[in-house]
There are 2 protein chains.
Amino acid sequence: MTSVNLKKEQSRLEEIYQTIFPLLLQTERLLQDVSTRGQGLIPEIVRYVVQAGGKRLRPAMVILSAQIGGAQTDDATVVGASAELIHLATLVHDDIVDKACLRHQKPTAAVEFGDEVAVLLGDYLFAEAMTLLAGLNDPQLLDLFARSTRTTCQGEINQVRRRFQFDISLAEYLSFIDNKTATLMKACMRGGARLARLSSEQSMALGQYGWNIGMAFQIIDDTIDLIGDEDVTGKTLHTDLANGKLTLPLIWLRDSLDSDGRKKFMSRLQSPEISASFMVKWLEESGAIREGLRQAASFANQARIALKGFPDSMPRATLDAVAEYIVTRTR
Amino acid sequence: MTSVNLKKEQSRLEEIYQTIFPLLLQTERLLQDVSTRGQGLIPEIVRYVVQAGGKRLRPAMVILSAQIGGAQTDDATVVGASAELIHLATLVHDDIVDKACLRHQKPTAAVEFGDEVAVLLGDYLFAEAMTLLAGLNDPQLLDLFARSTRTTCQGEINQVRRRFQFDISLAEYLSFIDNKTATLMKACMRGGARLARLSSEQSMALGQYGWNIGMAFQIIDDTIDLIGDEDVTGKTLHTDLANGKLTLPLIWLRDSLDSDGRKKFMSRLQSPEISASFMVKWLEESGAIREGLRQAASFANQARIALKGFPDSMPRATLDAVAEYIVTRTR
């Protein structure tokens, strides 16, 4: 049953990607090249992460953004591969930070090779991303992705430092996910726009699409962490609860409770390992999950609205489909 | 006594740096700017690492290399600050990997803020370095440092993956330190040469200086880890022994032993915590430490020889003094 669901999800994405399939394949080849470079034990451990599978959303966004601007350039696959490497680097490090065991149906790099190697592997992937970008001879592109990586780290650090502090506000949560997810997706869209030499207004509009997709994506990710099916997602769930991170549904539930309810809520958060299933039920029955999905759908809608100024085209239709996919996915 | 030694070391370096003091101060200001940028808890934790003190060898090398080529450019301080940030990022991550507790006489970032924050902090510093470099609008410089960072990670990973494998050869050890230390110092010298628009021959010669300094520096660092004084170095010692890393003196000692001696040696390595003082004594009495110092001195000498083609000048004399300092330092 769950493996049927997983396949259904994959084929949905494949259908959306149909028009850019050759360019995504080219990106994949660049990522494979990264695995084969390097001496000693590097190829083995890089391959483990790079070829684990993943949605390749960021490369797709770079390619589609360049296409919406009329550019059919190989450079989009290079920028896409770099963005994916940055993303993979943060995943490898996040899985150390969150003590997650499973990703893409297999042990995380930290579990497979040890935390020590995983720390250095993330660095390696990030350096590789910057090397690829440097090869394009456009300092603006490098600046864009270096800055967005800095912002990603900032979001992660600030969220980690507020773990187990259950007074976190909705505004703070939104600022964390803005930093750690939406900024890179915005950079992907602006990177594509840069390759197509679009005007700054058009680039800003595409950037808005990317930012809103990022916000929607992370809210759904955080919701899946609460109510998902581990067989479909292929990654460890309930990591946010275990790590004392309040995400949107939890914040919404907390704020909807009276003082007695809130006391019960807080005491459940103190022992996440025994309270997870109770919490999930509470979130579902209180309407908190529904509220999370509603907010994500609202960001996805804003993403689509950001594209209104562009004429109808295949890449625009695909970006619309990505926005739809983002908020209805289950992995 | 030891605090006297520490002061003596610092004033030796200050004397060497005298002629480039204003430029190093400017680099320091750039590093301080990094600490004040960023939201939330970022400034506090960045400041902790950036203002901990350090030899600032890499910025000095960039500045002196640019000067030997006749460039008195502010860009050298930017490249220098970037190189220092890359170096600091790797230190933060190395201290997680090596489980070191002390650096610059205070708790490592991993101990102070936790491993999780330290992982992300290293990433943040690296992204900041790339952002600074991107601001110089020279993709070649970015390529140089992104590649050298990748090589640094490769060296670290390969060394970590060979921990507690005591058959490691001298050639392997030299390849590790080439990757993890010498390559970045070479990049610093070549970065300065690039700013001065030197010929590729001159740039290669300065790169050779940097590479040899890096090799000498790391051999001395590894020797200090064995026989240093924790009050002078201000960092946790015997981390290599504790982490099962064989460095030059240990490899030399192993290879000089007969089969009985080698058995004893191996069994001592299995319980590093109880054998450290015994090992240190053995290394000193066998001549292994002397051999390490001899090899480091030989690399430092090669560094000086690489400068022979440049006319006498203040920066060349300072680079010579740096080569001298590197192999006689005790911290």
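Relative to the longest principal Cα axis of chain B, at what angle does helix B:2-17 sit, 0 to 90 degrees, rounded to 10?
It works out to around 40 degrees.
Compute the distance in nm between two label points, each set 7 Å from the Cα along the Cα-to-Cβ direction, one at A:Phe21 and one at A:Asp74.
Going from the A:Phe21 label point to the A:Asp74 one covers 2.2 nm.
Taking Cα atoms, how many degrees apart are the long axis of helix A:272-286 and the longest axis of chain A, rounded to 10 and kept between 0 and 90?
In chain A, helix A:272-286 runs at an angle near 90 degrees to the longest axis.
Return one number: the angle in degrees, 0 to 90 and rounded to the nearest 10, between the long axis of the Cα atoms of helix A:139-161 and the longest principal axis of the Cα atoms of chain A.
10 degrees
Setting aside same-chain residues fewer than 8 positions from B:Lys186, which aspartates and glutamates have a Cα under 12 Å from its Cα?
Within reach: B:Asp178.
Once the label point is placed 7 Å from Cα along Cβ, list for A:Thr330 the distances to the corresponding points in the other copies, in nm, shortest first.
Going from nearest to farthest copy, the values are 6.9 nm.
FRET efficiency for A:Ser169 and A:Phe278, Cβ-Cβ distance as r, R0 = 25 Å, nearest 0.05?
Approximately 0.55, to the nearest 0.05.
Name the trypsin sites (Lys or Arg not before Pro) in the range A:194-258 that are in a loop by DSSP and that have at most 14 other C-beta atoms within 10 Å, would you?
Qualifying residues, ordered by number: A:Arg197.
Restricting to Cα atoms and excluding each atom paired with itself, what does the Kirkwood estimate give for the protein assembly as shown in Å?
26.3 Å
Sorted from fewest to most neighbouring beta carbons within 10 Å, what does the list B:Ser199, B:Ser313, B:Ser275 look like?
Sorted ascending by nearby Cβ count, the order is B:Ser199, B:Ser313, B:Ser275.
Tell me, A:Met266, A:Met279, B:Met204, A:Met185 in order of fewest to most beta-carbon neighbours within 10 Å?
Taking fewest neighbouring Cβ atoms as first place, the list is A:Met266, B:Met204, A:Met279, A:Met185.
What does the charge count around A:Asp255 come to, taking other residues whose C-beta lies under 14 Å from its C-beta (Lys +1, Arg +1, Asp -1, Glu -1)?
Counting the neighbours of A:Asp255, the net charge comes to -2.
If we hang a label 7 Å off Cα along the beta carbon direction at B:Ser313, how far is it from the matching labels on the other copies, in nm, shortest first?
Copy-to-copy label distances for B:Ser313: 5.1 nm.
Cut-off is 10 Å between beta-carbons; in what order do B:Lys7, A:Lys180 appear when sorted fewest neighbours first?
Exposure proxy ranking, most exposed first: B:Lys7, A:Lys180.
I need the inter-copy label distances for B:Asp229: point set 7 Å along Cα to C-beta, values in nm with one decimal, smallest first.
The answer, with the shortest distance listed first, is 6.7 nm.
For the protein assembly as shown, what is the calculated [θ] at 222 nm in deg cm²/dmol (nearest 500), taking -39500 (n - 2.57) for each run of four or more DSSP H residues and dividing by its residue count?
Roughly -24500 deg cm²/dmol at 222 nm, from the helical runs in the protein assembly as shown.
FYI, it's all coordinate maths here, none of it is from the lab. All of these numbers come straight from a predicted model, not from anything done at the bench. All Cβ positions, glycine included, derive from the backbone under ideal geometry; neighbour counts span all protein chains shown.
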